[in-house]
Amino acid sequence: MMSAAVITASASILVAVLAFVLGQRAQVLQERRQARLARVNSQLRELYGPLRTLVDVNEMVWESLRGSHLPPKEERRPEAGTDDWRRWRDTVLMPTNFRMRDLIVEHADLLIETETPEPLRDFCAHVASMEVLLSDETESSTRNPLIRHPGAAYVDYVRTAFTQLKNEQQQILRAVSP
């Protein structure tokens, strides 16, 4: 009889310990998911969401300008082109570029990668080179920007990163939901 009682007590203790360990593991996994969701939400809210919207707006304006107001490529230097082109460049395109550059620099800690991706580096460098050209515009500078806009590589990176984070956010939310 004594051995049956010992076995029953041992089994009860084993079940209790196992339940406790599994409960703790589930809690740790839930906390990790919550922390990851908080990070992804922050990345989307503070960097990739605003960046995606600004990219889309600038792309829409750029495509519209290409169809109507954009001067030929050889006339896109700071001192050349029409007053209309300069107005669009100075009041819409470049301020949006400055805002995007500032978002990237101010929120570099939220990048998906551990290093700044090449399209983002190239974009920030292009904006800096444009700042120099635009500041020199009154002196009839005929130079092109030192660093060219990365074009589709930049747009594709921002859109892909945003989509990747939105997908991850949805996966985490499905895993967290009861």
Exercise. Looking at the stretch 37-45, is at least one residue touching a residue at least 60 places away in the same chain (Cβ under 8 Å), open to solvent by 60 Å² or more (accessible area, probe 1.4 Å), touching a helix residue (DSSP H, G or I) at 6+ places or on another chain (Cβ under 6 Å) and part of a helix (DSSP H, G or I)?
Worked result: no
Problem set entry | Count of residues meeting criterion [more than 9 Å from Tyr154 (Cβ to Cβ) and surrounded by 14 or more Cβ atoms within 10 Å (Cβ to Cβ)] in the stretch 117-127 | 5
Problem set entry | Scan of the stretch 79-104 for residues that are more than 19 Å from Thr163 (Cα to Cα) and in contact with a Cys (Cβ under 7 Å, 6 or more places away or on another chain), ordered by number | Arg101
Seminar exercise, completed: Counting only residues in the stretch 87-116 that are of a type in the set (D, E, K, R) and buried (at least 17 other Cβ atoms within 10 Å of the Cβ), the one nearest to Asn41 (Cα to Cα) is identified as Arg101
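The values are calculated or read from the model by the stated rules, or taken from the named source; none is laboratory data. The structure displayed is predicted, hence computed values, not measured ones. Because the Cβ atoms are built from the backbone with ideal geometry, glycine has one as well, and the counts that use them run over all protein chains shown. Ligands, DNA and RNA are stripped out before the accessible areas are found, and what is left, the full protein with its side chains, is counted by its heavy atoms. Shrake-Rupley method; radii C 1.70, N 1.55, O 1.52, S 1.80 Å.
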